[in-house]
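See below for the structure under consideration.
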Amino acid sequence: MYAGCQQYDFDQIELFWQKFWDKNKTFCVQEDTSKEKYYILDMFPYPSGAGLHIGHPEGYTASDILARYKHAKGYNVLHPMGWDAFGLPAEQHAIKTGINPSTNTANNVSIFKKQMKRIGFAIDWEREINTTDPIYFKWTQWIFLQLFKHGLAYVDECPVWWCEGLKSVLANEEVIGGRSERGNFPVVRKNLCQWVLRITRYADKLLEGLSSVDWPDSTKRQQIAWIGKSEGANIFFKIDGHGEEICTYTTRPDTIFGVTFLVLAPEHPLIEKIVAPKFENDVKKYVENSRKKSDLERTDLAKTKTGVQTGAHAINPANGKKIEIWIADYVLASHGSGAIMAVPGHDRRDYDFASNYGIAVTKVIDNASGDNQLPYVGDGVLINSERFNGLSSEEAKGKIVSWLQETKRADFTQNYKLRNWLFSRQRYWGEPIPIIWIKENDYKAAASNDKFYFKEFLPNEPISNEKDGITYCALPLCTSHLPLTLPPTDNYLPSSDGESPLAKIHSWLNVYVNVETGQIVPADDFNEKDRNSSCVLGRRETNTMPQWAGSCWYYLRYLSPRCETAIVDPDAINYWQTPDFYIGGAEHAVLHLLYARFWHRFLFDIGVIRTGKEPFKKLFHQGIILGEDGTKMSKSRGNVINPDEVVNRYGADALRLYEMFLGPLDMMKPWSTKGIEGVFRFLKKIWNEYIDREGNTKNFHDNLSDECQTVVNETIKKVGNDIEGLKFNTAISQMMICLNSIQKAGGFDNASAGNFLKILAPFAPHISEELWARLGNNGSIYDAPWPEYDDSKIVPTSQKIIVQVNGKMRAELVVNDVNTSEGAIFELAINIENVKKYVANKKILKKVYAKGTVVNFVVE
RNA sequence: GCUCAGGUGGCGGAAUGGUAGACGCUGAGGACUUAAAAUCCUUUGGCCGUAAGGCCGUGCGGGUUCGAGUCCCGCCCCGAGCACCA
C-alpha cells in the first residue's frame, strides 16, 4: 500500500505514512537481549502555549536521523519523548484565567504532540511521560525524600532573591544582572525559610565525573567554572587587644609578607565586636548602605572601591606586624571566610583599594621578566619575605602554610564557588514537597515510639524550623502517601508575604497525622471522636519544587514509564542503561545538566541505580536558528518562522532536510526561505527519478556506468560516516551529488534505486517510505537494513594528479595505472606543455610527489 | 578584564598540510510554453585576455613548509560564557 498520488504530493504522502507508523506501532520498542541497545535522548520540551518553535525540530530531527540510522544498523533503538510541563507560564495563565494549569498544560501538550507527529519523528509514543502527571511526580517526590533522609535536604533562613513581579523566590541562576531570567523583573534580597539541597557535598564528585564524559569542551568548562574549586589556605590573624581571630582565605600564601591590611565583608559577624568607638558611626553607615545596594551595584567592576576603617588592628602571623582592619564591599561574605588578607603589591583589587585610601604597598614577589610594575599578580621569586626569600611562589605556598600550621595559624583548605541548591518555589504549579511540619515535642514523642509509622525517610537529625516562637520538625511522608497531589483551587496568586498559593488552601494545609498508622486526615474532616494520643496536628509544607526537579531524572523514567513499584524497573534499566546520546540546547550547560548529574550520582551512591556514576556519556548541543535577517527570532522583530507554515507549504521532509542542510549542527545559522526551496526541489527531483508523469514507477537500468557506481558507493559510505559524525549538512550534499550523477546518467538501476532510498530514509522518511513501497517492498523502510558499500567500486581506475611548479598549479596529469612509479610520474609531468614552460632552462632543486595527489617541481 | 569558539564569493556553507569555494541559494543567458509557473541546459570569486592562459584572492602582519584556509607567533573584529571568587 502507498499513498498513490501522481505528482510529489507531500501532504498526502506524509499523512499516509504517519498514520501507517501509528497504526503499526513502528517505533515502539521492548527490551530485546538479542540486540545491542542504543538509547537516544532529546532534552524534552516545555509545552508552551505558542506551540513548537522552528528551533525544536533541529535537535529532534538530528536525534531522529541518528535513531533511524542506528535502527537500520541493527540496534534496538529507544527514542522517547515527554513533557517538562511544570513551570511559570502555565501558572501565569492560570492566574489570568482562573483555569487550572493542568487543563492548559494538557492542551499545550496535545498541540505539541500533534505538531511533532506531523514532522514524522520515530518516537516511541507509548513511553510518553509528563512531569506534572502524579504517577510521574510521585517518584520525583520519592527522590526528594531520599535526599531528605540522607541529610542532603535542609531548611535555612537565608537571603534569597525575591521577585515582586513574579511573586516568587528565584535561584541565583534565575537572576541575570539583577533581574529575573523570566519576565525581566527587578529582584531584591529577602530572608525566607527555604528548602536547600546540599549539592556542595557533591562538588568534588561532580568535578571528577566530568573527566569521564564525552561532552563539548565549553560545557565542561562552564561546569568546572561554576563549581569553581580553588586550592588555598585559611590564615588566622590575631586581633590586637582582642581574644578573637580573623580567618582569611587565600590562594596566595606565598604573598603573606606583603599583607598590609585586612578586609572584612560588610556582613562579617566580627565587625560589631571589633570596631573602635571612634569609627562606629561610619561603619554602621557603610554596612547599612551596602546592604541596600543590589548585587549589580556591588559587583560593578567599573566603580571605584569603597570601604571604612574599623580602627582595629590585626597581627600578621608571619612577621608580627600590626596592620589595619578595613571593611569593604568588594569582599564577598559568601566566598571563603568573608575576610581577606590584602596584598596590594600582588592583587589588582587590593592595589586599587590601597591606592584609594593611601595604604602601603609592599613588593614581595620578584617578577622573572624584570617588569617592576605593581600590582604584579603572577608567580615569581620571593623577596622581602625573611627566611623564605629566594623560593618560587609554588614552593613557598606549601612551606609557608606548613610553617604557620605548626603554631596553628594556618590550614590548607579548598574553596568552591558552588552554592547549595535553593529548592523551594512559592508557586502552585510544581511538585508539592512531601513534608508535614509538626511540633518538636510531637516529633520527639513520635520518633521514640516503637510503632512510629514515618520511619521510611526519617533523617538521623530532625530538620527543624522556628515559627512564632515555636519549633517545628519536618515529618517526611512515606512512599505509601505518594503522590502528594496538588489540591484544586481557583486562586493561584501567591500571598503577599511570599508564601505559595497552597498556604491559602486550608483544607489541604492543616492535617491530623496518626503517627502510628500513618493516616493523614484534613483537619476540616477530622472527627473529634477519633482523636487519640497518636494523633498530632500538622501543617503541610507549602513550597513546591523548582522546574529543574522533574528534568533531573526523566531519562530513567522512559525506561519503564508505567512502573508502579520503583522509579525505574530493574530489568529495564539493566538493559537500556543510561542514554548513549543526549542532545539539547547549550543554555542548559550548567543548571539542568549539573542538577541531573547530582541526582544521578546520589541515586547511584544509595544503590537505587547501578548503571555508572554519570547519566549522560555523550552530549551534543544543537545551534540556534536565527531569523532570516541574521538576528535572534522574536515576535518584536517579526522574523519568527512558524514550523506549521513551513510544513504546510513544503512538507515535513523538506523541513527536516532543510534544517539539517543549513550548516553544521552545533552552529548558529540563519533561516532562509529561498534555501528551503532548494531542498524542496531536491525532493521533487528524487520523486521524478522514480515516478513517471503518469504516476507509474519507472523502469530502471540493468546496470550503471562505472562512474555512477563509484558515486553511489561513495555516497553510501559518506552518508553513513557523516551520520555517525553528526555532519548532516555534508551527508545531504553528497546525496545531492549522487542524484545529480544519476540524473545525468539517465536514471538508477534496481540496486541503487533501493539503496538511495535507504540512506535517504533517516532524513526524509516519508518520501522514502512511499517510493520504497512503490518499488514493490512490503513493510516500512524503517526496518530495512543499512546498505553495504563496495570499497572496490570507490577506488577509481584512474588518477588525477596536480602538477605544480614552485607550489603553483600548472597542469593536471591523468594516469590510468594507479601504481605508476614515482619516477614515471615525474617524467610524465615534466613533459606537459604548460609545465615545460616553467621548468625550461631552470635548475630543478627538488621534486616532490605526494602519492596520487600532487607533483611539485621546485626550481630556482 | 578573563576563558572559549569563530572570521572563506552576493548569501548559507565545503575542503585527512596537497586543484580553495563542494553542495545549495541568488544573479545572468538559453530551451520548453500563447504566457506564466514548474522543469531542463549553460554560466556565476575579482582583475587581464577572443582564446590558450596569466595575475590576485580564505580578517591583518610575520613565520614554519616543496606546498598553509588548515600548523606557530603577534594584532584586529564578531559571538558565547564567566565576571571583585581573594
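Give me a count of the residues in the stretch A:574-593 that are in a helix (DSSP H, G or I) and out of contact with any Ser or Thr (no Cβ under 6 Å at 6 or more places or on another chain).
8
Residues of the stretch A:241-300 being of a type in the set (Val, Ile, Thr), closer than 17 Å to A:Ala328 by Cβ, within 16 Å of RNA strand B (Cβ to nearest atom) and assigned to a helix (DSSP H, G or I), which ones? Walk me through how you get there before you give the answer.
Narrowing the stretch A:241-300 to residues of a type in the set (Val, Ile, Thr): A:246, A:248, A:250-251, A:255-256, A:259-260, A:263, A:271, A:274-275, A:283, A:287, A:299.
Checking which are closer than 17 Å to A:Ala328 by Cβ leaves us with A:246, A:248, A:250, A:259-260, A:263, A:271, A:274-275, A:283, A:287, A:299.
Filter once more, keeping what is within 16 Å of RNA strand B (Cβ to nearest atom): A:246, A:248, A:250, A:259-260, A:263, A:271, A:287, A:299.
Scanning the stretch A:241-300 gives A:Ile271, A:Val287.
Between A:Leu206, A:Leu152, A:Leu210, which is in contact with a Lys or Arg (Cβ under 8 Å, 6 or more places away or on another chain) and without any contact (Cβ under 8 Å) to a residue 40 or more places away in the chain?
From the options A:Leu206, A:Leu152, A:Leu210, the qualifying one is A:Leu210.
Of all the strands (runs of 3 or more DSSP E) wholly in the stretch A:482-541, which have at least 3 residues that are under 39 Å from the mean Cα position of the chain (by Cα)?
A:535-540
So, in the stretch A:353-405, how many residues would count as being under 26 Å from A:Tyr330 (Cβ atoms), out of contact with any Asp or Glu (no Cβ under 7 Å at 6 or more places or on another chain) and in a helix (DSSP H, G or I)?
Residues meeting the conditions: 7.
Looking at the stretch A:571-586, I want the residues that are within 16 Å of RNA strand B (Cβ to nearest atom) and have a partner that is part of a helix (DSSP H, G or I) and of a type outside the set (Gly, Ala, Ser) with Cβ atoms under 9 Å, at least 6 apart or on another chain. Which pairs are those?
Once the first residue is within 16 Å of RNA strand B (Cβ to nearest atom) and sits in the stretch A:571-586, its partners that are part of a helix (DSSP H, G or I) and of a type outside the set (Gly, Ala, Ser) give A:Gly584/A:His592; A:Gly584/A:Leu593; A:Ala586/A:Thr219; A:Ala586/A:Gln222.
So, A:Ile802, is that one among the β-branched types (Val, Ile, Thr), within 12 Å of RNA strand B (Cβ to nearest atom), surrounded by 15 or more Cβ atoms within 10 Å (Cβ to Cβ) and within 39 Å of the chain's Cα centre (by Cα) or not?
The answer is no for A:Ile802.
Filter the stretch A:218-240 down to residues that are in a strand (DSSP E or B) and among the charged types (D, E, K, R) and give me whichever is surrounded by the fewest Cβ atoms within 10 Å (Cβ to Cβ).
Top of the filtered list is A:Glu231.
Which condition number in (1) within 13 Å of RNA strand B (Cβ to nearest atom); (2) among the hydrophobic types (A, V, I, L, M, F, W, C); (3) at pLDDT 95 or above; (4) more than 20 Å from A:Arg419 (Cβ to Cβ) is the one that A:Ile315 fails?
In the conditions (1) within 13 Å of RNA strand B (Cβ to nearest atom); (2) among the hydrophobic types (A, V, I, L, M, F, W, C); (3) at pLDDT 95 or above; (4) more than 20 Å from A:Arg419 (Cβ to Cβ), A:Ile315 misses (1) alone.
Is it the case that the stretch A:708-723 has a residue that's surrounded by fewer than 15 Cβ atoms within 10 Å (Cβ to Cβ) and either among the hydrophobic types (A, V, I, L, M, F, W, C) or within 21 Å of A:Phe10 (Cβ to Cβ) (or both)?
no
Restricting to the stretch A:754-786, and then to whatever is out of contact with any helix residue (DSSP H, G or I) (no Cβ under 7 Å at 6 or more places or on another chain) and of a type in the set (Gly, Ala, Ser), can you tell me which residue is nearest to A:Ile13 (Cα to Cα)?
Result: A:Ala773.
So which residues in the stretch A:725-759 are within 34 Å of the chain's Cα centre (by Cα) and either buried (at least 17 other Cβ atoms within 10 Å of the Cβ) or within 17 Å of A:Glu58 (Cα to Cα) (or both), if there are any at all?
A:Gly725, A:Leu726, A:Lys727, A:Phe728, A:Asn729, A:Thr730, A:Ala731, A:Ile732, A:Gln734, A:Met735, A:Lys758, A:Ile759
With the requirement that a residue be in a loop (DSSP other than H, G, I, E, B) and in contact with an Asp or Glu (Cβ under 8 Å, 6 or more places away or on another chain), what does the stretch A:765-784 give you?
A:Ser780
Only one of A:Lys114, A:Lys70 is crowded, with 21+ Cβ neighbours inside 10 Å, free of Cβ contacts under 8 Å to residues at least 60 places away in the same chain and assigned to a helix (DSSP H, G or I); which?
A:Lys70
List the residue pairs whose Cβ atoms are under 7 Å apart, where the first residue sits in the stretch A:809-820 and is within 16 Å of RNA strand B (Cβ to nearest atom) and modelled with pLDDT of 80 or more, the second is assigned to a loop (DSSP other than H, G, I, E, B) and aliphatic (A, V, I, L, M), and the two are 6 or more positions apart or on different chains.
Every condition considered, the pairs that remain are A:Ala811/A:Ile832; A:Leu813/A:Ile832.
How about the stretch A:371-412: which of its residues are among the polar types (S, T, N, Q), over 16 Å from A:Thr251 (Cα atoms) and surrounded by 14 or more Cβ atoms within 10 Å (Cβ to Cβ)?
Hits for the stretch A:371-412 are A:Asn384, A:Ser385, A:Asn389.
Scan the stretch A:540-559 and tell me whether some residue there is farther than 30 Å from A:Ser733 by Cα and surrounded by fewer than 20 Cβ atoms within 10 Å (Cβ to Cβ).
no
Of the numbered conditions (1) surrounded by fewer than 21 Cβ atoms within 10 Å (Cβ to Cβ); (2) out of contact with any Asp or Glu (no Cβ under 6 Å at 6 or more places or on another chain), A:Val536 fails exactly one; give the number of that condition.
For A:Val536, the exception is condition (2).
Does the stretch A:175-194 include one or more residues that are modelled with pLDDT of 80 or more, of a type in the set (Gly, Ala, Ser) and more than 30 Å from A:Ile274 (Cβ to Cβ)?
For the stretch A:175-194, residues modelled with pLDDT of 80 or more, of a type in the set (Gly, Ala, Ser) and more than 30 Å from A:Ile274 (Cβ to Cβ): absent.
Against the condition modelled with pLDDT of 95 or more, within 9 Å of RNA strand B (Cβ to nearest atom) and closer than 21 Å to A:Pro765 by Cβ, how does A:Tyr658 come out, does it pass?
Here the answer is yes, as A:Tyr658 does meet what is asked.
Within the stretch A:730-749, track down each residue that is assigned to a helix (DSSP H, G or I) and in contact with a strand residue (DSSP E or B) (Cβ under 8 Å, 6 or more places away or on another chain). First the steps, then the outcome.
From the stretch A:730-749, those assigned to a helix (DSSP H, G or I) are A:730-744; that's our starting set.
Within the stretch A:730-749, none qualify.
Mind checking which residues of the stretch A:192-235 are within 13 Å of RNA strand B (Cβ to nearest atom) and among the aromatic types (Phe, Trp, Tyr)?
Matches in the stretch A:192-235: A:Trp215, A:Trp226.
Considering A:Thr565, A:Thr489, which residue is out of contact with any Gly (no Cβ under 8 Å at 6 or more places or on another chain), free of Cβ contacts under 8 Å to residues at least 60 places away in the same chain and among the hydroxyl-bearing types (Ser, Thr, Tyr)?
The match here is A:Thr565.
Considering only residues of the stretch A:826-856 that are basic (Lys, Arg) and more than 24 Å from A:Val795 (Cβ to Cβ), which is nearest to RNA strand B (Cβ to nearest atom)?
A:Lys846
Can you tell me which residue among A:Pro787, A:Pro762, A:Pro796 is surrounded by fewer than 17 Cβ atoms within 10 Å (Cβ to Cβ) and either outside any strand (DSSP E or B) or of a type in the set (D, E, K, R) (or both)?
Of A:Pro787, A:Pro762, A:Pro796, the one residue that is surrounded by fewer than 17 Cβ atoms within 10 Å (Cβ to Cβ) and either outside any strand (DSSP E or B) or of a type in the set (D, E, K, R) (or both) is A:Pro796.
Being touching a Ser or Thr at 6+ places or on another chain (Cβ under 9 Å) and of a type in the set (Phe, Trp, Tyr) is the filter here, so list the residues in the stretch A:594-619 that pass it. Break it down into steps so the answer makes sense when it comes.
As a first pass, look at the stretch A:594-619 and keep what is touching a Ser or Thr at 6+ places or on another chain (Cβ under 9 Å): A:595-596, A:600, A:604, A:609, A:611-617, A:619.
Hits for the stretch A:594-619 are A:Tyr595, A:Phe604, A:Phe616.
Given the structure, is A:Glu614 in contact with a strand residue (DSSP E or B) (Cβ under 7 Å, 6 or more places away or on another chain) and either in a loop (DSSP other than H, G, I, E, B) or of a type in the set (S, T, N, Q) (or both)? I'd like the intermediate steps shown before the answer.
Working: in contact with a strand residue (DSSP E or B) (Cβ under 7 Å, 6 or more places away or on another chain): no; either in a loop (DSSP other than H, G, I, E, B) or of a type in the set (S, T, N, Q) (or both): yes.
Here the answer is no, as A:Glu614 does not meet what is asked.
The values are calculated or read from the model by the stated rules, or taken from the named source; none is laboratory data. Keep in mind that what you see is a predicted model, and the values were worked out from it rather than measured. Glycine also receives a Cβ, built like all others from the backbone with ideal geometry; neighbour counts cover every protein chain displayed.
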